[in-house]
1. Name the pairs whose Cβ atoms lie under 7 Å apart, with the first residue in segment 239-251 and at pLDDT 95 or above, the second in a helix (DSSP H, G or I) and open to solvent by 80 Å² or more (accessible area, probe 1.4 Å), and 6 or more positions between them or separate chains?
2. Please tell me if Y108 is under 27 Å from V187 (Cα atoms), in contact (Cβ under 8 Å) with a residue 24 or more places away in the chain, in a helix (DSSP H, G or I) and open to solvent by 10 Å² or more (accessible area, probe 1.4 Å).
3. Taking the condition aromatic (F, W, Y) and touching a residue at least 60 places away in the same chain (Cβ under 8 Å), does F267 pass?
4. Looking only at segment 57-69, decide whether some residue is at pLDDT 95 or above, closer than 30 Å to G185 by Cβ and of a type in the set (S, T, N, Q).
5. Any idea how many residues of segment 1-60 are farther than 15 Å from P176 by Cα, in contact (Cβ under 8 Å) with a residue 12 or more places away in the chain and of a type in the set (V, I, T)?
6. For residues that are among the charged types (D, E, K, R), open to solvent by 70 Å² or more (accessible area, probe 1.4 Å) and not in a loop (DSSP other than H, G, I, E, B), tally how many sit in segment 215-251.
Amino acid sequence: MPVENAELPAALERLRKQLRTYPRLAVAVSGGVDSMTLASVAHDVLGDRLQLVHAMSPAVPEDAGERVRHHAKRFGWSVEWVDAREFADERYRKNPVNRCYYCKTNLYTRLSEVWDGPIASGANLDDLGDYRPGLLAASEKQVVHPLIDASINKAMVRAIARHQKLEDVAELPAQPCLSSRVETGIVINADDLLFVHRTERFLADVLGPGDLRCRITAEGVRIEVPEALQQSHSAQWSELTEELQQRIDADGRRFAGIDSYRRGSAFLHKPDSQ
């Protein structure tokens, strides 16, 4: 029996116990594996005392909203759809290294307008090891983190997702918001994010699922593909590169080449104090 399966019952009970401490709860559900898994377990525990909220934004891929809508219908989840409003915040659009702080500040402010009880994020234990300015915004807005409080990491989130019959969600690659593809200091705009999303969908259609990134950088559009996927598709690599060049040229952009996937490579630096 895999270790994660052996640990699953205890982890799931810790999460359920944590969720029982809330008389009522709203979960910010993005459509990614963490928040979707939390939503599923919270619905089992809290029933009609749970409200899911999905924030619509140019930075959120339309696939994510479709995923939320599909599973909400499948399981009978109550979902409220709101405008995240972060694009009205010039501090966010200037894309500083702590852009996520302004994004989450706007998000949790907006959620507090439609919900007067505790609000939960899908942050998991592994997130504490990264630079996450969004967690500071969450702290300032008294947002709770049931997965962290239940000592659940990403691998266990995926195991719980499979247990909850969210098999498609369990296998999702990491899906940070589309703004994370824009290099620090380059202004965030909706057209760039639409281009990023179209390009990454094209890559997924050709290469299959994986950590596929279209980065907007000062040098131009850089594509990142995991080395394993590059090797498994080596026979068609020249054709793929040519197709990418044509797509990028047609959008009036400069092609900066294909590189290996590097997590968070659009962030140019981190503050010394973080």
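1. From segment 239-251, no pairs qualify.
2. For Y108, the condition - under 27 Å from V187 (Cα atoms), in contact (Cβ under 8 Å) with a residue 24 or more places away in the chain, in a helix (DSSP H, G or I) and open to solvent by 10 Å² or more (accessible area, probe 1.4 Å) - is met.
3. yes
4. no
5. Qualifying residue count, segment 1-60: 5.
6. Selection size over segment 215-251: 5.
The values are calculated or read from the model by the stated rules, or taken from the named source; none is laboratory data. Please read these numbers as outputs of a predicted model, since none were measured by experiment. Reconstructed Cβ throughout: ideal geometry from the backbone, glycine too, with neighbour counts over all protein chains shown. Ligands, DNA and RNA are stripped out before the accessible areas are found, and what is left, the full protein with its side chains, is counted by its heavy atoms. Shrake-Rupley method; radii C 1.70, N 1.55, O 1.52, S 1.80 Å.
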